[in-house]
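Q: My questions all concern the structure below.
The values are calculated or read from the model by the stated rules, or taken from the named source; none is laboratory data. Nothing here was measured: the structure is a model prediction, and the numbers come from that model. Backbone-built Cβ (ideal geometry, glycine too); neighbour counts: all protein chains shown.
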Amino acid sequence: MSDPYLELHRQKQDRKKRGGEWVENFIFPRLIEYDLSAINLEIGCGHGHWLVNYSQTETSQLFVGIDLISKRIKKAASKVTKQNLKNIFFYKAEATEFIECLDTKISKTFIMYPDPWPKYKHHKRRLIQLPFLKLLSSRTLDDGEFYFKTDHSGYFEWATSMVSESTYWKIIDKEWPHKAKSYFSELLPKNQSFCARRL
Ligand SMILES: C[S@@+](CC[C@H](N)C(=O)[O-])C[C@H]1O[C@@H](n2cnc3c(N)ncnc32)[C@H](O)[C@@H]1O
């Protein structure tokens, strides 16, 4: 499937520069306005159902949702426009590229139902890897948190063992902070989740 955005911005450096400018132009001013030091980030937000709902219950916090697929981000962003929401933004980006260009801190990161890449030969494509956990921790507040949820038991085991192996995170006993359903949690109600705190 061709992606017009990726065709226009083929170079990673170009996409990172655009991401950095987007953060500077849209996120920084809102952080100042809200007197905040960090954002909450959902990676792979899809159409933004869950994050929009969360942002409406925590109106003094700032939320950013990113997704690889332009159409999903357009749909999510249309909810922001229609409901005139001020504390939530959506941006089309790949997770690692976005975090690399993020020149601000993250308070909480959420990943729900990421692609499990079930075949052994594809495990290297899973988002949760040690370098990713290190990168995420470098942009996270000292006591910041990372929430992960999946319906795939193999990926749950993988992610928990990566977090345990990583020297940057520790799994803690903490409830998911917002109970609303995401699009995929409606489809896949059986899931496992954890919360990890940045060390
Ligand atoms: C199964 S959907 C889950 C959507 C939503 N979190 C939910 O619970 O309904 C996974 C989403 O992650 C996005 N995604 C996959 N890999 C990604 C990456 N590396 N960076 C950003 N988004 C990604 C996909 O495009 C897709 O929309």
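Q: Give the residue that is nearest to the ligand (Cβ to nearest atom), with candidates limited to residues of the stretch 29-79 that are over 22 Å from Tyr113 (Cα atoms) and of a type in the set (Gly, Ala, Ser).
A: Only one residue fits best here, namely Ser78.
Q: Which ones in the stretch 83-97 are part of a loop (DSSP other than H, G, I, E, B) and within 12 Å of the ligand (Cβ to nearest atom)?
A: Residues of the stretch 83-97 part of a loop (DSSP other than H, G, I, E, B): 83-87, 93-94.
Residues satisfying the conditions are Ala93, Glu94.
Q: Which count do you get for residues in the stretch 127-168 that are of a type in the set (D, E, K, R), outside any loop (DSSP other than H, G, I, E, B) and under 18 Å from Tyr113 (Cβ atoms)? Before you say what the answer is, go through the steps one by one.
A: Taking the stretch 127-168 first, the residues of a type in the set (D, E, K, R) are 134, 139, 142-143, 145, 149, 151, 157, 165.
Subsequent filtering for residues that are outside any loop (DSSP other than H, G, I, E, B) retains 134, 142-143, 145, 149, 157, 165.
Next, only the ones that are under 18 Å from Tyr113 (Cβ atoms) stay: 149, 157.
Looking only at that region, the number is 2.
Q: OK, next. Out of all the residues in the stretch 42-76, which are part of a helix (DSSP H, G or I) and surrounded by fewer than 19 Cβ atoms within 10 Å (Cβ to Cβ)? Even if it seems obvious, please write down each step before you answer.
A: Taking the stretch 42-76 as the starting set, the residues that turn out to be part of a helix (DSSP H, G or I) are 49-57, 70-76.
Within the stretch 42-76, Asn53, Gln56, Thr57, Ser70, Lys71, Lys74, Lys75 qualify.
Q: Which residues, taken from the stretch 88-145, are free of Cβ contacts under 8 Å to residues at least 12 places away in the same chain and among the charged types (D, E, K, R)?
A: Lys119, Lys121, Lys124, Arg125
Q: On the given criteria, is Ser60 polar (S, T, N, Q), under 24 Å from Trp176 (Cβ atoms) and out of contact with any Ser or Thr (no Cβ under 7 Å at 6 or more places or on another chain)? Full working, then the answer.
A: Numbers: polar (S, T, N, Q): yes; under 24 Å from Trp176 (Cβ atoms): yes; out of contact with any Ser or Thr (no Cβ under 7 Å at 6 or more places or on another chain): yes.
Here the answer is yes, as Ser60 does meet what is asked.
Q: Could you tell me whether any residue of the stretch 112-119 is part of a helix (DSSP H, G or I), surrounded by 15 or more Cβ atoms within 10 Å (Cβ to Cβ) and within 15 Å of the ligand (Cβ to nearest atom)? Step through it out loud before you land on a result.
A: Looking only at the stretch 112-119, we keep the residues that are part of a helix (DSSP H, G or I), and these are none.
No: the stretch 112-119 contains no residue that is part of a helix (DSSP H, G or I), surrounded by 15 or more Cβ atoms within 10 Å (Cβ to Cβ) and within 15 Å of the ligand (Cβ to nearest atom).
Q: On to the next question. Scan the stretch 114-158 residue by residue and report those that are among the hydrophobic types (A, V, I, L, M, F, W, C) and under 16 Å from the mean Cα position of the chain (by Cα).
A: Leu127, Ile128, Phe132, Leu133, Leu135, Leu136, Leu141, Phe146, Phe148
Each row is one residue, and each column tells you yes or no for (1) among the aromatic types (Phe, Trp, Tyr); (2) part of a strand (DSSP E or B); (3) under 27 Å from Ser161 (Cα atoms); (4) more than 10 Å from the ligand (Cβ to nearest atom).
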site	(1), (2), (3), (4)
Thr81	no, no, no, yes
Ile99	no, no, yes, no
Thr109	no, yes, yes, yes
His123	no, no, yes, yes
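Q: Within the stretch 139-149, is there a residue that is within 15 Å of the ligand (Cβ to nearest atom), among the aliphatic types (A, V, I, L, M) and at pLDDT 95 or above?
A: So far as the stretch 139-149 goes, no, none of its residues is within 15 Å of the ligand (Cβ to nearest atom), among the aliphatic types (A, V, I, L, M) and at pLDDT 95 or above.
Q: When residues of the stretch 175-199 are filtered for being closer than 16 Å to Leu133 by Cβ and surrounded by fewer than 14 Cβ atoms within 10 Å (Cβ to Cβ), how many remain? Outline the logic, then answer.
A: Taking the stretch 175-199 and keeping what is closer than 16 Å to Leu133 by Cβ, we get 194-199.
Retained after the next criterion (residues that are surrounded by fewer than 14 Cβ atoms within 10 Å (Cβ to Cβ)): 199.
Count: 1.
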